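Report on the following structure.
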Amino acid sequence: MLKCVVLDFDDTIVMSESIKRQLWYDMLDPKYGEMIREVYAFKPFKDRYDLAQYFSEISGLSPQYLLERYASTLDEFFTSQKNIVRNVIPFFDHLASMGVSLYINSATPQEFLTKAVDQSGLSHYFRGIYGDPNMKEAHLRTAMTHCGATPETTIMIGDSISDMEGALAVGCYFIGVDFDDTGKLDSSGCVRISDYGEMLLHILQKYNMK
C-alpha cells in the first residue's frame, strides 16, 4: 500500500525555473544574454544570492537591487498561481483522500521554498516541506520516517537526475516528469509521465488502489 509521495517543487509542481531564468534577462543589459545562458547551462552557482553577486560584478548593478527586484517579481509570480502544473491539484486531492502523506523535497533554499509553496496556496497539502541545505536522499529518509513509510511504500516524483538518484539511494520508486521539454531525463531510463491525470492512474494500478 502506498503511504508516502515526495515531490520536487520547481518544474514538477510549479513551472518556475524558466521564470527565474527570464528575470535575469529582464534585469540585465541584452549584451549579457550569453553569460546568462552559460550560467544556467553549467550551473556554477548554488543560489540566487551567488547569482546576484556574479551579475552585480559584471553589470555594475548592486546585489541588493538585483535581489529585491528578483524577489518581488517571484512573489507576484507565485501568488498569481498561473503556472501550477495542470492536474496536479486533483492529483493531490485524490491521494490525500486516500490517506497518502505528501511532502516536498527540493534543492531550493528552505526559507524561499516555504514562502513559495505558501504563496502558491499549496501548503495545506504537505506534511513536510524540505529544502536546501540537506541532500535529497536525506529529505526522502526524513519524510519516510515522519509518516512511517518504507521504500516499498514511497514514491519520489521529480524532473532531474538528482531526484532520481535520491530515490535510487533509498530504494523507492521514481517517476520522472518533463513538462518543459528540457530533456534532463532523456537518457535516464526511468518511467516518465507527462500528465498528473495519467500519473494518478499509473500509481493506482501499480499499488492496487482505487
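Positive contributions from Lys and Arg (+1) and negative ones from Asp and Glu (-1), summed over other residues with Cβ under 13 Å from the Cβ of residue 146, come out at +3.
Taking amide H positions as modeled 1.01 Å from N, with prolines and chain starts lacking one, no residue 5 or more places away or on another chain lies under 5 Å from residue 188. Neighbours of residue 103, meaning other residues whose beta-carbon lies under 14 angstrom from its beta-carbon, give a summed charge of +1 when Lys and Arg score +1 and Asp and Glu score -1.
Using Cβ point charges alone (K and R +1, D and E -1), the dipole size of segment 44-148 about the Cα centre works out to roughly 320 debye. Look at the alpha carbon pairs under 8 Å that are at least 6 residues apart: their mean separation over the length of the chain gives a relative contact order of 27 percent.
Summed over qualifying helices (DSSP H, 4 residues or more, each -39500 (n - 2.57)) and divided by its residue number, the chain shows a 222 nm mean residue ellipticity of -15000 deg cm²/dmol. When the pairs 43/115; 82/184; 115/210; 43/82 are compared against a 30 Å limit on Cα-Cα distance, 115/210 fall above it. If you wrap the tightest convex hull around every Cα atom of segment 114-210 and split its volume per residue, you get 127 Å³.
The packing ranking, built from the mean of other Cβ atoms within 10 Å per residue, places the peptides 38-46, 185-193, 112-120, 198-206 in the order 112-120, 198-206, 185-193, 38-46, highest first. Atom-type composition of the exposed protein surface of segment 57-210 places 50 percent of the accessible area on carbon and sulfur (1.4 angstrom probe).
The Cα-based radius of gyration of segment 44-162, divided by its Kirkwood radius, gives an Rg/Rh of 1.03.
The fraction of all Cα pairs in segment 102-148 landing in successive 5 Å bins from 0 to the largest distance is 5, 24, 32, 23, 13, 2, given as whole percents. This model, with +1 at the C-beta of Lys and Arg and -1 at the C-beta of Asp and Glu, gives the chain a dipole about its Cα centre of some 540 debye. Comparing 147, 110, 124 along the charge dipole axis of the chain, the residue lying farthest to the positive side is 147, per the Cβ-charge model.
For the Cα trace of segment 1-84, dividing Rg by the Kirkwood Rh returns an Rg/Rh value of 1.06.
Here the chain is treated as a sphere whose radius is the Kirkwood value from Cα pairs; by Stokes-Einstein at 10 °C and 1.306 mPa s it diffuses with a coefficient of 88 µm²/s. When DSSP beta bridges are restricted to pairs lying wholly in the chain, around 5% turn out antiparallel.
Work out the length of the dipole vector of segment 99-143 about its Cα centre, built from +1 on the beta-carbon of each Lys and Arg and -1 on the beta-carbon of each Asp and Glu, and round it to the nearest 20 debye.
Dipole size: approximately 120 debye.
Could you please report the charge total around residue 63, scoring K, R as +1 and D, E as -1 over all other residues with beta-carbon less than 14 angstrom from its beta-carbon? Walk me through the numbers on the way to the answer.
On the way: positive: 48, 69; negative: 47, 50, 57, 68.
In short, -2.
The values are calculated or read from the model by the stated rules, or taken from the named source; none is laboratory data. Quantities reported herein were computed from a predicted structural model and do not represent experimental measurements. Positions of Cβ are backbone-derived with ideal geometry, glycine not excepted, and every protein chain shown enters the neighbour counts. For accessibility, only protein heavy atoms count, side chains too; no ligands or nucleic acids. Shrake-Rupley method; radii C 1.70, N 1.55, O 1.52, S 1.80 Å.
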